[in-house]
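The values are calculated or read from the model by the stated rules, or taken from the named source; none is laboratory data. Just so it is clear, the model here is predicted, and its values are computed rather than measured. Positions of Cβ are backbone-derived with ideal geometry, glycine not excepted, and every protein chain shown enters the neighbour counts. For the accessible areas, the whole protein counts, side chains as well, though only heavy atoms, and no ligand, DNA or RNA atoms are used. Shrake-Rupley method; radii C 1.70, N 1.55, O 1.52, S 1.80 Å.
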Amino acid sequence: MTTATVPAHGTQGVGEPLAQPGRPRPRGSFATAIRDALHRPAILIALGWVVLVVVSSVLAGVLAPHDPLAQDLDNRLAGPSATYWLGTDELGRDLLSRILHGGGVLLLAALIPVVVAYLLGVPIGMFVGYVGGRADALADFVVNVLFAIPALVVVLAVSVVTDNNLPFMTVVFGVIVSGGIFRLVRASTQASRDLLYVDAARVSGVSRWTILLRHILPNVLGPLIVQGFLLYSGAFLFLTSLSFLGLGFDPQQPSWGQLVFDASAHLDDDPWLMVPIGLVLIATVAALNYLGNSLLATLPTARRARLLTPPRRPVLPPEAAAGTVPEGRRTPAAAEPADTDVPLVVEDLVVSFRTPEGGWQPVVDGVSFAVHRGETLCLVGESGCGKTMTALATLGLLPEGGAAAGSVRLAGRELLDLSEREMAQVRGSQIALISQEPMGALDPCFSVRSQLGDVVKLHRGGSRAEVRRRVHELLRLVGIPNAESVAKSFPHQLSGGMAQRVCIALALAGEPSVLVADEPTTALDPTIQAEILDLLRSLQETLGLALVLVTHDLGVVADIGDVAAVMYAGQVVELAPVDELLAAPRHPYSQGLLDAMPEDAVRGVPLPTVAGMVPLPKDWPGWCRFAARCPLAVDACREGPVPLLAVQADRTSRCIRTDELARSQELATTGVTP
Amino acid sequence: MSSAQSSAPSTARHAVPETPLLTVTDLRVDYKLPGWRTPPVKAVDGVSFTLAEHETLGLVGESGSGKSTIGRALLGLAPISGGQVVLNGHDITEAKAGDRKHVASDLQVVFQDPYGSLNPSRTVGKTLAEPLEAAAGVDTRTALEEIRSLLAKVRLPEDAADRYPNAFSGGQRQRIAIARALAINPKLIVCDEAISALDVVTQAQVLNLLGELQRETGVAFLFIAHNLPVVSYFSDRVLVLYRGRIMESGPAATIHARPAHPYSQALRAAVPVPNAVEQRVLRRQRQEVVRVTTAQAKPAPEEGCPFAPRCPHVADVCWTKRPIDAPFEDRTVACHVFDAASGHPQAGGAAALTAGELAPTAG
Ligand SMILES: Nc1ncnc2c1ncn2[C@@H]1O[C@H](COP(=O)(O)OP(=O)(O)O)[C@@H](O)[C@H]1O
Ligand code: SF4
Ligand code: SF4
Ligand SMILES: [Mg+2]
């Protein structure tokens, strides 16, 4: 277990989203999104403007060329001049100086409502969100009332009652708007309350406040910062309006609202007066809003159906593909390109990812196989062996940073050469994907009918009635008898098995000839798994589909597979007809997978399994990659790469000791201890 | 009412001590649904069982059968609406998670999802220190010692303590979760689908680890999973659950080898075996042991047998009358066929049903 200290990217579980490699500490997508945002010019401009406004307001005393209150009655309503760069107002006061002095008090005062809203909304929201029940209902009621209060009216009333006391008015405003913060915190708390690690802490007897501070607050922080920012820009605008009305701020002191008010009185005789203050105000409010909305966009939003969002398709540069596949060894699996009986041929497929250092790291290394019409090929192996990447590469759906080389031919057509647009057409209509997480592949916001309908329309077109008929037909095809009512439902109303049936219907909508299924039943119960496997088999028989199925369960392979490609560390280590593979594996790794099945195991006797873990791509040795975990390894195994060797007419194995393995199997079955 | 403890043969065979570690009597958990007229969902519907020290009791069933809810109810994470839970002589029915420090030292948990069950922003060391701090107010030095020995126990390197969960694979994270559960030497660990999200090799490694730890520490397991072969391999006794009720209970080995209840048979036939020839037979079998797919099944009757919509042996009585826990060999089976007095046309055909030789009914 020395491999525990590995970088993040090599240790994905089944279907996990990938963590960025090389980053020691996860900071969530929020921090990453912020960092990305800082590279966008518009954001930088907005941010620059806000900083400029803040700095110049702070330094107004130093920067302003004149006293903002000094009157020069000879130069009233003067235009820009050498003395008065932006001109003067009706009392001959310098406009530039007044603008410089007039922002600070607004910017400061706008902080008060934000602070008040935080102080009220965060603790209360967290508390009632966590405990729920009556406290929650009461707090929610109060907030509903707050939302119904017209803020402006109340603040105006307060201003009358308190004789224009600005701090008081801003505090009241803060109380009224605290509902938004409260709602947000409560919702995030409710969402994190049911996280498993929170449950684990509760089971350990950790106190409530410790849990809130330690496990829940960090989850709320991102949205909270965003919300605070939006609140601030709202408060800023609100206070500017107040000062325009002559409320809250000392009428003697300049403030931006006041300046606008002054200018509006001279719109007829001196329109210039409005220009500088108007521009400054618009720019500031626009910058604040833009920043706030950009922040908002960094928060996770609803996921879209994966099938409908083709990612970019980078091409693997030759230097990245070179040197990974030994020369002069084409695998026998390759068939003639134009053979219609063999719709999918993968040859010497290499999938690489960009490393942080700028190089390429192969994760799939020279994989070849062919799938016949009406036949199922299973890709088998532990997590991290490259099964998923192989499957995704055939569909041109590699994640960001990944690239494929070699050859993937669909009905004789080379897919790796296609542009993303061409590939998008192929995907769905000739080759389709069924993913492991049916719920993740469905859009929670749309009904089954509308999602299926979209795909049907895309591939076939037709009138509304035709599309509808086809949707129901597809649902019945995947064994859903009450198609009408299922079509109306939303993903969250479906059970896992039902959702997977819908996903299969989605994949079939374009009538593909090849179906790629990545662990389609791993997330399901055995009973549902059996049903889905039966469904896939019957679809395959009626539609003549070629199926590529990724799984780590040799039971599933036995059930549905015709041919199995066992993968280890990015390579196919054994390729054989399923019956033969399971009866007598010819690679020690296949044997290890078989031994790990608890099927015939006896209680109390440890399962004979493979020790250790799959090596990370960067740790692949230059010899047999399984050697470190292989019980049969000898020195000869460490002398160089092991090629795929023919062990029988239709079987290959990447092992030099297959005879030894066969002998040990013999001994095991005859009962003689080896 | 189901009661595994009343199944005398099983008690005799497995020598359950006088006072069991855990006694659950007629446990009920109802979940209220939104809408004031929708009836509550009976997630757990009158379940009784006992669990001895050092014992492993398996709970098996498909999702929605209530197995996880039973575990969560014991842990104080699900609302108990009826029945009683006695752990180590203390009635903990009312002890909600959060105010159960005294329970925490006896009862811990390992969850299914190795990714969700560790806080991604806290180091492994901090995660492991948490139960130590909460339970005993251990000082930092002793906590560090403890953490080191915990990591060694689950075969992880020492420096794992300074890393964040994202540096570990699913199997390794599950080891961390196991270490957290072991931290305060509990008497019972609820393993809620603890191996279901792992691939076969990792699953075998974690199962072996759990077995070793049980031999070393004598901890008892409530082992919850949906895969009958895995559960029977790892457990002494097994409860087969369906829709919140116990369908069959008895020794793991017999239930695995010769499941008696029609639902247990369906569950058994559903898990494919890694042998192409045997699997072809099993595949045919699995189509015989259920009448319809889950997608086609009618809703289960309010009273009566919950498996009636899918059962090949269903008769009129199954739609109206709830089966009793009928004793059969060394187990109990909640099916009318096993109860001679039930009025089921095939009543008395228990042996034939168990042998798979009973013809399906016309229903
Ligand atoms: N986006 C990515 N960036 C870098 N490496 C990746 C990425 N996605 C997958 N990998 C690596 O590719 C290898 C194979 O992964 P995968 O195909 O998911 O394996 P399997 O499906 O067999 O579990 C792993 O080592 C994994 O860490
Ligand atoms: S080549 Fe050697 S090390 Fe590799 S699998 Fe065969 S026996 Fe094991
Ligand atoms: S009680 Fe009836 S429906 Fe239920 S399992 Fe027995 S035979 Fe089948
Ligand atoms: Mg995978």
For segment B:105-160, which residues satisfy the criterion of being in contact with a Pro (Cβ under 7 Å, 6 or more places away or on another chain) and either in a loop (DSSP other than H, G, I, E, B) or facing chain A (nearest Cβ under 7 Å) (or both)?
B:Ser105, B:Asp106, B:Gln108, B:Leu118, B:Pro120, B:Ser121
Of the residues in segment B:341-357, how many are more than 9 Å from ligand 3 (Cβ to nearest atom) and closer than 19 Å to B:Pro309 by Cβ?
1
From the list B:Ala197, B:Ala204, pick out the single residue that is without any contact (Cβ under 8 Å) to a residue 24 or more places away in the chain and either within 11 Å of chain A (Cβ to nearest Cβ) or crowded, with 24+ Cβ neighbours inside 10 Å (or both).
B:Ala204
All-but-one check, A:Thr521 against (1) crowded, with 19+ Cβ neighbours inside 10 Å; (2) over 21 Å from A:Thr542 (Cβ atoms); (3) among the hydroxyl-bearing types (Ser, Thr, Tyr), failing number (2)
Where the second residue is among the small types (Gly, Ala, Ser) and near ligand 1 (Cβ under 6 Å from one of its atoms) and the first is within 13 Å of chain B (Cβ to nearest Cβ) and under 20 Å from B:Ala197 (Cβ atoms) and lies in segment A:374-402, which pairs have Cβ atoms under 7 Å and are six or more apart or on separate chains?
A:Gly384/A:Gly10; A:Lys387/A:Gly381
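Kindly provide the set of residues from segment A:32-53 that are in a helix (DSSP H, G or I) and either loosely packed, with under 15 Cβ neighbours inside 10 Å or not hydrophobic (A, V, I, L, M, F, W, C) (or both), ordered by number.
Of segment A:32-53, the ones in a helix (DSSP H, G or I) are A:32-37, A:41-53.
Within segment A:32-53, A:Thr32, A:Arg35, A:Asp36, A:Pro41, A:Ala42, A:Leu44, A:Ile45, A:Gly48, A:Val51, A:Leu52 meet the criteria.
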Qualifying helices (runs of 4 or more DSSP H) (wholly inside segment A:101-205; at least 1 residues being touching a Leu at 6+ places or on another chain (Cβ under 9 Å)):
A:104-109, A:111-131, A:151-161, A:166-193, A:196-203
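Among what's in segment A:537-586 and is small (Gly, Ala, Ser) and without any contact (Cβ under 8 Å) to a residue 24 or more places away in the chain, pick the residue that is nearest to the other protein chains (Cβ to nearest Cβ).
Across segment A:537-586, the extreme among qualifying residues is A:Ala583.
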Take the residues in segment A:81-101 that are in contact (Cβ under 8 Å) with a residue 24 or more places away in the chain and open to solvent by 50 Å² or more (accessible area, probe 1.4 Å); name whichever of them is farthest from A:Val280 (Cα to Cα).
A:Glu90
Using the structure shown, decide if A:Arg421 is among the basic types (Lys, Arg) and at pLDDT 90 or above.
no
Open to solvent by 10 Å² or more (accessible area, probe 1.4 Å), among the small types (Gly, Ala, Ser) and within 15 Å of ligand 1 (Cβ to nearest atom): which single residue out of A:Gly374, A:Gly381, A:Gly406, A:Gly401 fits that description?
A:Gly401
Can you give me the number of residues within segment A:471-503 that are open to solvent by 20 Å² or more (accessible area, probe 1.4 Å), polar (S, T, N, Q) and in a helix (DSSP H, G or I)?
2
